[in-house]
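Report on the following structure.
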Amino acid sequence: MNKFVIRQSLLLLLTATIWGVAFVAQSVGMEYVGPFTFNAVRNLIGAVVLLPCMALLSRGERSEQASAGDEKESFWKKLKDGEYKTLLTGGVSCGVFLCVASNLQQFGIKYTTVGKAGFITAMYIVIVPILGIFLHKRVGAKVWIAVAIAVAGLYLLCMAGGSFSLQKGDLLVLACAFVFSVHILVIDYFSPKVNGVAMSCIQFFVCSLLSAVGMLLFEEPHLSQILAAWMPVLYAGVLSCGVAYTLQIVGQKGMNPTAASLILSLESAVSLLAGWVILGQKLSEREGVGCILMFAAIILVQLPERKK
């Protein structure tokens, strides 16, 4: 393994760690502010953090093109030529789905543990190939096996009192995983056509705006409460949204997509460990087996197909 692969892998591992610990920040934030308020402030901070990142990346792009003797297709030139319409459409679409998914997750974390929320949210990795059926994409036997394993893991994870019953928090987070799956498919459609960082910045602004509407309609936000939650809000906004997303873009460059997704899926394991170390949340032996099965399904669905 060369130094480049090691460096990129470490960047992706750091990304997964930041995202995993973010579940703790989201849980702690609920002690001070409501879900809509938390997401409104968090995504606004994330968008603001991405603004200088977008400027730096576009400057690097222009430098590369200048050294190659081609400045015609710079990022800002593309925007002027009409790409901004596609960028705006993609950013708004992603922002709407991100708003629905993140708020479902935020409400769900109020009623379940950080570890369970992390593993159930990671089910989007298994759900996305299934949703691909409706886009006329072929689904192989491996995916169906992974689905069966994931369902068995979900059964053990959510079985309470000897019988299977999805608790309120688990159900909300499972719904969040479905919406995140749609969000991923929307990103998959728009990302090859536009600048990824710019689209992410727009989606954070849109998610913040929509969450602010929910905040004003259903919650009574107070500046003192937001300031009391400054640490989890800043962590979720600056690190989880701004820094981690940029690290993901840099870390995935030149990496095998399968290897990258496997490293990023460690987010669910990190959330379980963070919930135990920081919040003292523990899972029963049965729930632990359920997490192992779900993680096995996540890894299985990302393994490359054997070429004939």
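The values are calculated or read from the model by the stated rules, or taken from the named source; none is laboratory data. Small disclaimer: the values here were computed from a predicted structure and weren't measured. All Cβ positions, even for glycine, are placed from backbone atoms using ideal geometry, and neighbour counts span all protein chains on display. Remember, those area values only see protein heavy atoms, side chains included, never the ligands or the DNA or RNA. Shrake-Rupley method; radii C 1.70, N 1.55, O 1.52, S 1.80 Å.
Scanning the stretch 247-270 for residues that are out of contact with any Pro (no Cβ under 9 Å at 6 or more places or on another chain) and outside any helix (DSSP H, G or I) gives LYS253, GLY254, MET255, SER265, LEU266.
Taken together, SER58, SER74, SER67, SER63 contain a single residue that is over 26 Å from the mean Cα position of the chain (by Cα), modelled with pLDDT under 90 and open to solvent by less than 40 Å² (accessible area, probe 1.4 Å), which is SER74. Number of residues in the stretch 280-306 that are part of a loop (DSSP other than H, G, I, E, B), under 13 Å from PRO129 (Cβ atoms) and not aliphatic (A, V, I, L, M) equals 1. Within the stretch 199-250, the set of residues being of a type in the set (Phe, Trp, Tyr) and farther than 21 Å from VAL96 by Cβ comprises TRP230, TYR235. Here THR89 meets the list (1) at pLDDT 85 or above; (2) in contact with a helix residue (DSSP H, G or I) (Cβ under 7 Å, 6 or more places away or on another chain) almost entirely, failing just condition (2).
In the set PHE38, PHE4, only one residue is assigned to a helix (DSSP H, G or I) and modelled with pLDDT of 90 or more; that residue is PHE38. Screening PHE119, PHE164, PHE178 for residues that are modelled with pLDDT under 85, open to solvent by 60 Å² or more (accessible area, probe 1.4 Å), of a type in the set (A, V, I, L, M, F, W, C) and in contact with a helix residue (DSSP H, G or I) (Cβ under 8 Å, 6 or more places away or on another chain) leaves exactly one candidate, PHE164.
Yes/no matrix, rows are residues, columns are (1) surrounded by fewer than 17 Cβ atoms within 10 Å (Cβ to Cβ); (2) hydroxyl-bearing (Ser, Thr, Tyr); (3) over 21 Å from VAL28 (Cα atoms); (4) in contact (Cβ under 8 Å) with a residue 40 or more places away in the chain:
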{"site": "GLY251", "(1), (2), (3), (4)": "no, no, yes, yes"}
{"site": "MET255", "(1), (2), (3), (4)": "no, no, yes, yes"}
{"site": "SER265", "(1), (2), (3), (4)": "no, yes, yes, yes"}
{"site": "SER268", "(1), (2), (3), (4)": "no, yes, no, yes"}
{"site": "LEU272", "(1), (2), (3), (4)": "no, no, no, yes"}
{"site": "GLY275", "(1), (2), (3), (4)": "no, no, no, yes"}
{"site": "LEU283", "(1), (2), (3), (4)": "no, no, no, yes"}
{"site": "GLY290", "(1), (2), (3), (4)": "no, no, yes, yes"}
{"site": "VAL301", "(1), (2), (3), (4)": "no, no, yes, yes"}
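Please state which one of ASP81, ASP170 is out of contact with any helix residue (DSSP H, G or I) (no Cβ under 9 Å at 6 or more places or on another chain), farther than 25 Å from LEU209 by Cα and either modelled with pLDDT of 80 or more or open to solvent by 40 Å² or more (accessible area, probe 1.4 Å) (or both). Checking each option against the conditions leaves just ASP81.
Here's the yes/no breakdown for (1) surrounded by 24 or more Cβ atoms within 10 Å (Cβ to Cβ); (2) charged (D, E, K, R):
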| position | (1), (2) |
| --- | --- |
| ILE6 | no, no |
| LEU10 | no, no |
| LEU13 | no, no |
| GLU31 | no, yes |
| GLY34 | no, no |
| ASN39 | yes, no |
| ARG42 | yes, yes |
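If you take the residues in the stretch 194-246 that are part of a loop (DSSP other than H, G, I, E, B) and farther than 21 Å from LEU51 by Cβ, which one is most open to solvent (accessible area, probe 1.4 Å)? Across the stretch 194-246, the extreme among qualifying residues is GLU220.
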